[in-house]
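**Q** Submitted below is the structure of interest, expressed as structure tokens.
A short reminder: the numbers here are calculations on the coordinates, not readings from a lab. Quantities reported herein were computed from a predicted structural model and do not represent experimental measurements. Cβ coordinates were reconstructed from backbone atoms using ideal geometry, including for glycine residues, and neighbour counts include every protein chain displayed.
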Amino acid sequence: ERRAAMTIIGLVSDTHGRLSAEALAALADADHIIHAGDIGGPDVLHALEALAPVTAVLGNNDFDEYGSRVGRFAHPVIDGVRFLVAHYPRDVQIGFNGCAGLAAGDPIPQVCVHGHTHVPELLLGKDARPADYVVCPGAAFRPRGGFPRCTGRMLVSEGRVLGVHIASLEGDVLLSAGEGL
């Protein structure tokens, strides 16, 4: 039985203008990269775009220097998986009245990605509902909460999330769910 092709999505946030060699290496094999804000300058996006297509959102420390392709929210569909990306955690928390990142009638995302806290987070099941996952890749620069600098990786295929993990830039897995990456 031939296995369906899989897509590797690199997750990064809070680079604040500094993208280390280790962070670039952690994202080097990604097929698509999501940056959840506080980019810190066009140079960071250019470096990421040299690796793979990038979906990015503005953080509270970003200015409108990226053009119309980078806004407050993004709703990419990557290999059939629906994402909602925003910088603030509150903008991806979907309640009874929806959330800031969704318009009335928008489909519920399977994965919500945020930054801002500089602390890695991986919620699934009832903690993530109505989405399947809520992910913060932590911070690639200036981590908080005793965590190291880190990035995330997600494996998706044909509309399904196969696995997600967040690892330090040294490669130590901090949070993980699903298939190994």
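**Q** Please compute the length gained on full extension between residue 29 and residue 97, using 0.36 nm multiplied by the number of residues separating them and subtracting their Cα-Cα distance.
**A** Difference between extended and current length: 20.7 nm.
**Q** Label-point separation (nm) for residue 6 and residue 20, each offset 7 Å from Cα along Cα-to-Cβ?
**A** Roughly 2.6 nm, to one decimal.
**Q** Suppose every Lys and Arg Cβ carries +1 and every Asp and Glu Cβ carries -1, with no other charges. What dipole size does the chain come out with about its Cα centre, to the nearest 20 debye? The partial results should precede the final answer.
**A** Working: 14 positive and 21 negative charges, 72 e Å.
My answer is approximately 340 debye.
**Q** Less than 9 Å Cβ to Cβ from residue 100, Lys/Arg counted +1 and Asp/Glu -1: what total charge do the surrounding residues give?
**A** So the surrounding residues net to +1.
**Q** Ok, one more. Given an 8 Å cut-off on Cα distances and at least 6 residues of separation, report the relative contact order of segment 11-160 as a percent.
**A** About 25 percent, as a whole number.
**Q** So how much slack lies between residue 106 and residue 77, counting 0.36 nm per residue of separation and subtracting their Cα-Cα distance, in nm? Provide the component values of the computation, followed by the final result.
**A** Working: separation 29, 0.36 × 29 = 10.44 nm, distance 1.27 nm.
Roughly 9.2 nm would be gained on extension.
**Q** Just subtract the alpha-carbon distance of residue 65 and residue 170 from 0.36 nm times their residue separation and send over the number in nm, one decimal.
**A** Details: separation 105, 0.36 × 105 = 37.80 nm, distance 3.11 nm.
Here the answer is 34.7 nm.
**Q** In whole Å, how far is the Cα centre of segment 130-181 from that of segment 33-74?
**A** With segment 130-181 and segment 33-74 each reduced to a Cα centre, they are spaced 19 Å.
**Q** While we're looking at this one, here's another question. Write down the radius of gyration of the chain and its Dmax, each obtained from C-alpha positions, in Å.
**A** Using the Cα atoms of the chain, the pair Rg, Dmax is 14.9, 49 Å.
**Q** Gaussian network model of the chain, Cα springs within a sub-10 Å range: biggest mean-square fluctuation belongs to which of 99, 112, 150?
**A** Per the Cα network of the chain with a 10 Å cutoff, 99 tops the list.
**Q** Distance in nm between label sites at residue 129 and residue 160, each 7 Å beyond Cα in the beta-carbon direction?
**A** Between residue 129 and residue 160, the label points sit 2.2 nm apart.
**Q** Quick check on the chain: helices-only [θ] at 222 nm, where DSSP H runs of length 4 and up contribute -39,500 (n - 2.57) each and the sum goes over total residues. Nearest 500, please.
**A** Value at 222 nm, helices only, nearest 500: -2000 deg cm²/dmol.
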